[in-house]
Amino acid sequence: MIINDEKPIKSTKTELAKSLGVSRQSLYYKPIQESKDLIVKAQIEKVMDEHKSYGHKRIAIELKMNKKKIRRLMKKYDLKPFRRRVKKPSKPDDINRPIAIFKNEIQGFCPIRPNVVWVADFTYMKFQGKFFYVATVMDLFTREIIGWSVSIRHDRFLVLEALNMALNNTKKLPLFYHSDQGSEYDSIDCIARLQENNITVSMSTKGSPWENGFQESFYSQFKVDLGWPDQFETFGELIEAIHLQMNYYNKSRIHTSLKMSPVKFRVLYYSKSLISNCPRQRQLV
């Protein structure tokens, strides 16, 4: 009879994981967790199909889930929001222009109600090899786009049309209208339109686009949600899609700082009884 005097080999999970070349956490893996993750993954993908540019914060709000969990699963399954970039067109007329006489009146300013500050800007995109331009006017408090226009030229008429739409759509005029120092906004016609309505003109410091970062942020997401312009056959179809996209942004798209769409936030603000529940209102009062 042969007796084996060898003692049984004992190993910690750390040593076992090291010998197997896997993480220690994987030794606690439970199949049921993977099943739960796959269910949430499907929900995330459904939201991303409807909102192509949504990151983990907006998806978490939409699904009413913890943003850390959504971020973990998006990283695990390599789910990323769509991003796009277009080469910037040149504006030689603005290169050597003198500094505007208007200063930044809203720097450090935080409005606590609608129609105090409107911010304006325009962006560019390409359709069938040619640039076209979209101008917008945003209410800084509600983040709602209250005026916009589309043109194949970036001139004073582009920004005036957006401004006129905003003036016609709003009963109460703003105190300030903020833009950059582009020739379009510094034109005689544009300044005159603002001054005849007793609106104070405010402009970012030259070469300081971050001073109008609200509009910059809007456009970066707007282009993603719209998709490639060349998917449309005609310029008319593209313009219609832009109008639909503006309405989608205002009425449906979740704004991360508002935790809801701009129109819904405005309605909540004016409903009085729900003002105390608005996150931005508590922050800004």
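Within the stretch 184-235, restricting attention to residues that are more than 16 Å from the chain's Cα centre (by Cα) and at positive phi, which residue is modelled with the lowest pLDDT?
Filtering first and then ranking leaves Gly207.
Name every residue in the stretch 246-268 that is in contact (Cβ under 8 Å) with a residue 40 or more places away in the chain and assigned to a loop (DSSP other than H, G, I, E, B), in order of residue number.
Selection gives Arg253, Ile254, Thr256, Ser257, Leu258, Lys259.
Name every residue in the stretch 111-168 that is outside any loop (DSSP other than H, G, I, E, B) and charged (D, E, K, R), in order of residue number. Steps first, answer last, please.
Looking only at the stretch 111-168, we keep the residues that are outside any loop (DSSP other than H, G, I, E, B), and these are 117-127, 130-139, 145-151, 156-168.
Hits for the stretch 111-168 are Asp121, Lys126, Lys130, Asp139, Arg156, Glu161.
Under 6 Å between Cβ atoms, at least 6 apart or on separate chains: pull out the pairs that start in the stretch 138-161 with a residue that is under 19 Å from Tyr269 (Cβ atoms) and without any contact (Cβ under 8 Å) to a residue 60 or more places away in the chain and end on any residue that is surrounded by 21 or more Cβ atoms within 10 Å (Cβ to Cβ) and charged (D, E, K, R).
From residues that are under 19 Å from Tyr269 (Cβ atoms) and without any contact (Cβ under 8 Å) to a residue 60 or more places away in the chain, the pairs are Ile146/Asp139.
Being surrounded by fewer than 16 Cβ atoms within 10 Å (Cβ to Cβ), modelled with pLDDT of 95 or more and under 17 Å from His243 (Cα atoms) is true for just one of Asn169, Asn164. Which residue is that? Break it down stepwise before answering.
On the way: Asn169 fails: modelled with pLDDT of 95 or more.
One residue alone meets the criteria, Asn164.
Does Ser276 qualify as being more than 19 Å from Lys57 (Cα to Cα), of a type in the set (Gly, Ala, Ser) and modelled with pLDDT under 90?
Numbers: more than 19 Å from Lys57 (Cα to Cα): yes; of a type in the set (Gly, Ala, Ser): yes; modelled with pLDDT under 90: yes.
Answer is yes for this residue.
Quick one: would you say Phe214 is surrounded by fewer than 18 Cβ atoms within 10 Å (Cβ to Cβ), aromatic (Phe, Trp, Tyr) and in the same structural domain as Asp139 (by TED's automatic domain parsing)? Spell out the reasoning first.
Details: surrounded by fewer than 18 Cβ atoms within 10 Å (Cβ to Cβ): yes; aromatic (Phe, Trp, Tyr): yes; in the same structural domain as Asp139 (by TED's automatic domain parsing): yes.
Yes.
Which members of the stretch 115-146 meet the condition of being surrounded by fewer than 22 Cβ atoms within 10 Å (Cβ to Cβ) and farther than 20 Å from Tyr248 by Cα?
Asn115, Val116, Lys126, Phe127, Gln128, Gly129, Lys130, Phe131, Phe132
Mind checking which residues of the stretch 49-62 are within 14 Å of Lys75 (Cα to Cα) and either surrounded by fewer than 16 Cβ atoms within 10 Å (Cβ to Cβ) or touching a Phe, Trp or Tyr at 6+ places or on another chain (Cβ under 6 Å) (or both)?
Listed by number, the list holds a single entry, Lys57.
Looking at the stretch 226-238 only, could you name the residues that are surrounded by 16 or more Cβ atoms within 10 Å (Cβ to Cβ) and assigned to a helix (DSSP H, G or I)?
Taking the stretch 226-238 and keeping what is surrounded by 16 or more Cβ atoms within 10 Å (Cβ to Cβ), we get 226, 229, 232, 238.
The answer is Leu226, Pro229, Leu238.
Go through the stretch 162-192 residue by residue and tally those that are touching a helix residue (DSSP H, G or I) at 6+ places or on another chain (Cβ under 9 Å), among the polar types (S, T, N, Q) and closer than 27 Å to Tyr269 by Cα.
The total comes to 2.
The values are calculated or read from the model by the stated rules, or taken from the named source; none is laboratory data. These numbers were taken from a predicted model, which means no experiment stands behind them. Positions of Cβ are generated from backbone atoms using ideal geometry, with glycine treated the same way; all protein chains shown enter the neighbour counts.
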